[in-house]
Each structure stands twice: as structure tokens, then as C-alpha cells.
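Where a number appears in this text, it was derived from the coordinates with a stated rule and is not lab data. Model, not experiment: these values are computed from the prediction. With ideal geometry, Cβ positions are generated from the backbone for all residues, glycine too; neighbour counts draw on all protein chains shown.
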Amino acid sequence: MLRRPTRLRLTRLSAWELCQARQEASLLAPSGDVFGLCLNACVLARALRRGRRPVYENGTQVLQALSPEAVGAYAGEYVRRFSGRRVSTAVNPNFDEKRFEELKQA
């Protein structure tokens, strides 16, 4: 019997899990320039699932595996799906690409 490949899915996080993601992001982003990206990565580490298992162990793995655009797209989908609010897709003019690359290397 052939098994269907398991697709990635987003799961709703509890308030506690969101607080944990925020705490992890504050450790990943020593400056405020990349905090939003790190927070999105930490949320995705908890919310992205393949079957019942998390795809990533932590926000660092998400930052290493996904481009900033992919992190933004998944995070936008999470907000659209679970908050009921519209999401802006505007680019952050303060985003520091060099700092992001440094964080990915850490």
C-alpha cells in the first residue's frame, strides 16, 4: 500500500506557546531590527506540523531552513487563518539583511 506524502500544516497555538515563542525570539534577536522575523520563526517552529510532529525544533532551525520571504508567507498565513484579521504584506523598510544573514550563520 502506498502512503500519501504528509503535507505541512499550521496548527493554532495556545497563549502559552505564543509566550514561549516570544521569549525564544528575544534570545535570538539581541537588537530590535530583526525581532519580528525571529518571532515569526519561533511561532512557525511551534505551529508547522507534518502529521502530528513538528517540522522544526526551534526558531533557529526555521531561520536556517527558510528564506525571510517564506517565513513571512507562512506567518501571514498563520495570522490570516487564526486571527481573523487582514495582514499587511508591506516590506519592513527597517529590515537589516546583513544582520539577518549574521543570525543565520550563528
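Entry note, the chain: relative contact order of 26 percent, from Cα contacts under 8 Å with a spacing of 6+ residues. Peptides 58-71, 35-48, 11-24 ranked from most to least packed give 35-48, 58-71, 11-24, packing being the mean of other C-beta atoms within 10 angstrom over each peptide's residues.
Net length available on complete extension from V79 to L27 is 16.4 nm, with 0.36 nm assigned per residue and the Cα-Cα distance removed. Approximating the spin labels as points 7 Å out from Cα along Cα→Cβ, the L18-to-S67 distance works out to 2.9 nm.
Eigenvalues of the alpha-carbon gyration tensor of the chain, scaled by 5 and square-rooted, set the equivalent ellipsoid semi-axes at 23, 16, 14 angstrom, largest first.
Each label was represented as a point 7 Å from its Cα along the Cα-to-Cβ direction; for F35 and E97 these points are 2.5 nm apart. The 3J(HN,Hα) values that the Karplus relation (6.51, -1.76, 1.60; θ = phi - 60°) gives for segment 38-51 are, in residue order, 5, 4, 4, 5, 5, 5, 5, 4, 8, 9, 7, 10, 10, x Hz. Gly and Pro appear as x.
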